[in-house]
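The values are calculated or read from the model by the stated rules, or taken from the named source; none is laboratory data. All values reported here derive from a predicted model rather than from experimental measurement. All Cβ positions, even for glycine, are placed from backbone atoms using ideal geometry, and neighbour counts span all protein chains on display.
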Amino acid sequence: MSRKAHFAGLIAFAATGTVVFASAGTSGALARQGESQIIEQLPLTEETVPVFVSEEVVQPLPQHSDGDAAAESDAPSPPQSTSLNQLVAAVSAPETLSPEMECLAGAVYFESRGEPLAGQLAVAQVILNRAESRQFPSSYCGVVYQRSQFSFIKGGNMPRIKRGSSAWKRAKTVARIAHEGMWDSQAGDSLYFHAKYVRPGWSRKKVARATIDSHIFYR
């Protein structure tokens with residue numbers, strides 16, 4: 001998948017280390033329209049999950065020099081895979097992530113670790129799309145920590161996560177695949193999503209792009 005534009009100031013993956021997030025329970029990225037509303041959601045796994053508000057932000061486009069272009073052309077190509085499952089198996093997940101990638105992987109973990117890989121990638125795609133939209137903050141962390149958007153953010157913090165779990169390793173890998181545009185997500189240009197077991201009022205004003213397992217994605 002080719003990403004629209006990497007937002008300015010995004011810090012690349014580091015090579016080693018460990019990250020901390022936490023556990024999720026409900027699921028959905030909810031839009032706030034007019035009056036603020038947060039829809040109660042039933043637990044999807046044994047942890048907690050999110051919601052969404054919008055804030056207009058102008059996102060500067062990255063400037064590339066000739067040297068940057070040469071470096072990009074020398075960068076290794078992503079693994080050739082015939083399925084998302086194969087790609088996830090082939091792509092390595094670094095032990096340590098930059099703060100921005102921690103935010104992206106954390107949202108994938110809390111929102112969708114119990115979902116199929118396509119659903120996890122779709123959640124990551126929504127974060128990417130929001131960071132590239134003028135309606136939302138222009139960084140992954142800005143999107144994830146935006147007030148009243150994701151319910152797993154408590155008091156401005158992410159809860160702890162099982163760092164050694166296979167779910168966290170997959171979330172980091174999916175975040176990398178999304179960030180580097182290695183695979184097209186079914187979510188396309190979606191900016192919102194919610195769990196199928198809730199029906200928020202805002203969803204009637206949006207265009208559904210995809211339904212993947214227990215989530216519906218909207219533009």
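Structure above, values below:
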| read-out | value |
| --- | --- |
| Residue selected from the stretch 178-219 under the condition acidic (D, E) and at pLDDT 95 or above, by the criterion nearest to T96 (Cα to Cα) | E180 |
| Residue in the stretch 122-136 that is of a type outside the set (D, E, K, R), at pLDDT 95 or above, in a loop (DSSP other than H, G, I, E, B) and buried (at least 20 other Cβ atoms within 10 Å of the Cβ) present | yes |
| Which listed residue is out of contact with any Asp or Glu (no Cβ under 6 Å at 6 or more places or on another chain), closer than 26 Å to N85 by Cβ and surrounded by 23 or more Cβ atoms within 10 Å (Cβ to Cβ), from A208, A167, A187 | A187 |
| S81 being modelled with pLDDT of 50 or more and under 14 Å from R176 (Cα atoms) | no |
| Test for S98: is it out of contact with any Gly (no Cβ under 8 Å at 6 or more places or on another chain) and more than 22 Å from R219 (Cα to Cα) | yes |
| Yes/no for A175 being assigned to a loop (DSSP other than H, G, I, E, B), crowded, with 23+ Cβ neighbours inside 10 Å, at pLDDT 90 or above and aliphatic (A, V, I, L, M) | no |
| Filter result for the condition that a residue is without any contact (Cβ under 8 Å) to a residue 24 or more places away in the chain and among the charged types (D, E, K, R), over R199, R170, R147, R163 | R199 |
| Matching residues, the stretch 190-202, being surrounded by 16 or more Cβ atoms within 10 Å (Cβ to Cβ) and part of a loop (DSSP other than H, G, I, E, B) | S190, L191, V198, P200 |
| Looking only at the stretch 140-150, and only at residues there that are surrounded by 23 or more Cβ atoms within 10 Å (Cβ to Cβ) and assigned to a loop (DSSP other than H, G, I, E, B), the one that is modelled with the lowest pLDDT | F150 |
| Residue match in the stretch 153-169 (condition: in a loop (DSSP other than H, G, I, E, B) and over 22 Å from T96 (Cα atoms)) | yes |
| W183, sole failed condition from (1) farther than 13 Å from V123 by Cα; (2) out of contact with any helix residue (DSSP H, G or I) (no Cβ under 7 Å at 6 or more places or on another chain); (3) not charged (D, E, K, R) | (2) |
| Residue match in the stretch 178-185 (condition: assigned to a helix (DSSP H, G or I), at negative phi and of a type in the set (A, V, I, L, M)) | yes |
